[in-house]
Ligand code: SF4
Ligand code: SF4
C-alpha cells in the first residue's frame with residue numbers, strides 16, 4: 001500500500017516540476033529579445049555615454065583644445081600611458097610659456113582609471129565611448145591626441161635695437177680706430 005502511495009507522490013512531484021519548467025520557458029518565449037546582432041546593427045547600436053573606450057582631448061567649435069601642457073595627467077597616470085612632448089615659447093610680453101607639441105596616448109596600456117581626466121586642471125580630457133578599437137598591431141594603439149593644428153601663438157615682439165653710438169666730433173677718431181692706435185703704440 002505504501003509503495004502505491006509513494007508512486008503517486010513521485011508522479012505528482014514530477015508533474016509539478018514539469019509545469020514549473022514550462023512556466024519559465026513560456027515566460028522567456030514572450031520576453032523581448034536583447035541579443036545584439038553586431039556588426040549588422042552598428043548604425044543603431046546604443047553604447048552608454050559612460051563607457052570608457054579611448055582617451056581624447058576635448059576640442060571646442062574652433063578646433064582648439066584646452067591643454068596647457070602642464071604635465072599633471074602624465075604625472076598622475078599610474079602606468080606611463082601618457083607621454084607629453086612640450087616646448088617653451090616666448091610671448092609678446094617677453095614671458096615664457098610651455099606649449100604642447102605632441103600628446104601621445106597608448107591605449108594598449110591604459111587601465112581606464114580616469115585619474116588623468118579627473119585631475120586635469122583645464123578639464124581638457126574626456127573618454128569617448130567609441131568601442132571599436134581593435135587593430136592588428138600594438139603600435140597602432142599609440143595615438144597622438146592633439147591631431148589638429150595647434151593655434152598660432154602671437155609673435156614675440158622684436159628685441160629693441162642697441163642705441164647707436166654718437167657720431168664722432170670733427171677731427172676726433174672713431175672709438176674702434178683709437179683702440180687700434182693704442183695697441184700699435186705699445
Ligand atoms: S591634459 Fe590637462 S593635465 Fe594633461 S597636460 Fe593638458 S592641461 Fe595638463
Ligand atoms: S585612464 Fe588611467 S591609465 Fe589611462 S591614461 Fe588616464 S591615468 Fe593613465
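What do you reckon, is residue 89 in contact (Cβ under 8 Å) with a residue 60 or more places away in the chain and within 16 Å of ligand 1 (Cβ to nearest atom)?
In short, yes.
Six or more apart or on different chains, Cβ under 8 Å: which pairs go from a residue in segment 15-32 that's touching a residue at least 12 places away in the same chain (Cβ under 8 Å) to one that's surrounded by fewer than 10 Cβ atoms within 10 Å (Cβ to Cβ) and part of a helix (DSSP H, G or I)? Could you list them?
none
Check off (1) in contact (Cβ under 8 Å) with a residue 24 or more places away in the chain; (2) within 20 Å of residue 128 (Cβ to Cβ); (3) exposed (fewer than 10 other Cβ atoms within 10 Å of the Cβ) for residue 94 and give me the number that stays unchecked.
Checking residue 94 against (1) in contact (Cβ under 8 Å) with a residue 24 or more places away in the chain; (2) within 20 Å of residue 128 (Cβ to Cβ); (3) exposed (fewer than 10 other Cβ atoms within 10 Å of the Cβ), the one that fails is (2).
List, please: which pairs have Cβ atoms under 7 Å, are six or more places apart or on different chains, and start with a residue in segment 118-141 that is without any contact (Cβ under 8 Å) to a residue 12 or more places away in the chain and end with one that is within 16 Å of ligand 1 (Cβ to nearest atom)?
Close Cβ pairs satisfying both conditions: none exist.
Of everything in segment 59-70 that's surrounded by 12 or more Cβ atoms within 10 Å (Cβ to Cβ) and part of a loop (DSSP other than H, G, I, E, B), which residue is farthest from ligand 2 (Cβ to nearest atom)?
64
From the set of residues in segment 102-133 that are closer than 13 Å to residue 68 by Cβ and in contact with a strand residue (DSSP E or B) (Cβ under 9 Å, 6 or more places away or on another chain), which is farthest from ligand 2 (Cβ to nearest atom)? Please lay out each step first, then the result.
Step one: filter segment 102-133 for residues closer than 13 Å to residue 68 by Cβ, giving 103, 120-125.
Restricting the remaining residues to those that are in contact with a strand residue (DSSP E or B) (Cβ under 9 Å, 6 or more places away or on another chain) gives 103, 122, 124-125.
Numbers: 103: 11, 122: 15, 124: 12, 125: 8 Å.
Among residues in segment 102-133 that are closer than 13 Å to residue 68 by Cβ and in contact with a strand residue (DSSP E or B) (Cβ under 9 Å, 6 or more places away or on another chain), the one farthest from ligand 2 (Cβ to nearest atom) is 122.
Filter segment 33-54 for residues that are part of a loop (DSSP other than H, G, I, E, B) and in contact (Cβ under 8 Å) with a residue 24 or more places away in the chain and give the result.
Our first condition is that a residue be part of a loop (DSSP other than H, G, I, E, B); within segment 33-54, this holds for 33-41, 45-53.
Hits for segment 33-54 are 47, 48, 49, 50, 51, 52, 53.
Can you name every one of the strands (runs of 3 or more DSSP E) wholly within segment 71-149 that holds 1 or more residues which are at pLDDT below 95? Talk me through it step by step, then tell me what you get.
Values: elements: 82-90, 96-106, 125-128, 142-144.
Counting at least 1 such residues, we get 82-90, 96-106.
The values are calculated or read from the model by the stated rules, or taken from the named source; none is laboratory data. Quick caveat, the model's predicted, so the values are computed rather than measured. Neighbour counts are summed over all protein chains in view; Cβ atoms, including those assigned to glycine, are modelled from backbone coordinates with ideal geometry.
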